[in-house]
Amino acid sequence: MDNLMLNNKLYLEGKISSKLEFSHEMYGEGFYTFNMFVQRLSDTKDKLYVTVSERLITGIDLSEGNDIIVEGQLRSYNKFVDGGNRLILTVFARNIEPCIEKSKNPNQIYLDGFICKKPVYRTTPFGREIADMLLAVNRAYNKSDYIPTIAWGRNSRFCETLNVGDNIKIWGRLQSREYQKKISENEVVKKIAYEVSISKMEKVNKDSENDVVNVDENFDEEDYKMSSINKDAI
C-alpha cells in the first residue's frame, strides 16, 4: 500500500476558480469538487479539476479567489458522456492548506507506471518533435489510473524506443489544454484535455540500470499551443 502511495505524487499551488460542489458519497464519506488555476512561467494558466473529501475541508476556507496548496494524486475514471465512455482526470487531494508564500515550482508531478499503448511520435508544422504516451499507474485494490502524457524533443525520440509494458518513471507538470470538437456539420464545442507534460523520464530496467532523459531546455510552449491537434483526453 505504501509503495502505491509513492508512485503517484502531485503538488500544486494555485487560486480557487469555482465554487465547491458536492460530487458523490462513498462508504458514508462525501466528496466535493472545484476548479483551480495554476500559473505557468508564461501568462498561461492551467485550469485543473480537484476532488476532495469532506474530511479535509473542515476549518479551511475554499472560497473562490483564495490561494491554496493541494497535495495528492492524479486519478482517472470513465464517465458516460454523449453516448460513450470518456476518460476523466481529476486531482485527488490528500492535503489542502492555504498558500501563504508561493514557490518557484507551483506544479509538480511524479508518476511511476507502465506503458499501456504504443507511444505515438510526430512532428509539428514547425519541426518540433512530440510523443504521446499513455501510462497506467497502479493504485490500491487492483485498480489503475490511465494518464495521458506528452514528451518533447529528445524525450519524444526516447519514447519511440519504448514498448507496451515498459516500466517508466516521469517527472513533469499537469497541464490543461482547450480544444474544439466538431459534433455535427454546424456545431463545434469547446472542451478541455488534461495531460502530463514530461520534463524528465527514466526507464526502469530489470538489471536496475536506468536510461535517463533530461528536460529539453529548448521547449517552446507557444509552438505547443499552435501545433496541438484536436483530441479527447487520450
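A short reminder: the numbers here are calculations on the coordinates, not readings from a lab. Source: prediction; values computed, not measured. Glycine also receives a Cβ, built like all others from the backbone with ideal geometry; neighbour counts cover every protein chain displayed.
A few points about this structure:
- Arranged from fewest to most other beta-carbon atoms within 10 Å of their beta carbon, M26, M36, M133 become M26, M36, M133.
- Only Cα pairs under 8 Å and 6+ residues apart enter the sum, and on that basis the relative contact order of the stretch 116-197 stands at 26 percent.
- Within the stretch 2-103: Cβ-based charge dipole about Cα centre, in debye rounded to nearest 20 (Lys, Arg +1; Asp, Glu -1): 360 debye
- Neighbourhood charge, 14 Å Cβ-Cβ cut-off, centred on A136 and excluding it, Lys, Arg +1 and Asp, Glu -1: +3
- DSSP beta bridges confined to the stretch 2-103 are antiparallel in about 95 percent of cases.
- Residue exposure proxy: T123, T33, T58, T149, ordered by other Cβ atoms within 10 angstrom of their Cβ from fewest to most, comes out as T58, T123, T33, T149.
- As a proxy for reagent exposure, R122, R75, R94 were ordered by neighbouring Cβ count within 10 angstrom, fewest first; the result is R122, R94, R75.
- Total formal charge among the other residues, if their Cβ is under 12 angstrom from that of D67, Lys/Arg +1 and Asp/Glu -1: -3
- Remark: relative contact order (the stretch 35-186) = 21 percent; criterion is Cα-Cα distance under 8 angstrom and separation of 6 or more residues.
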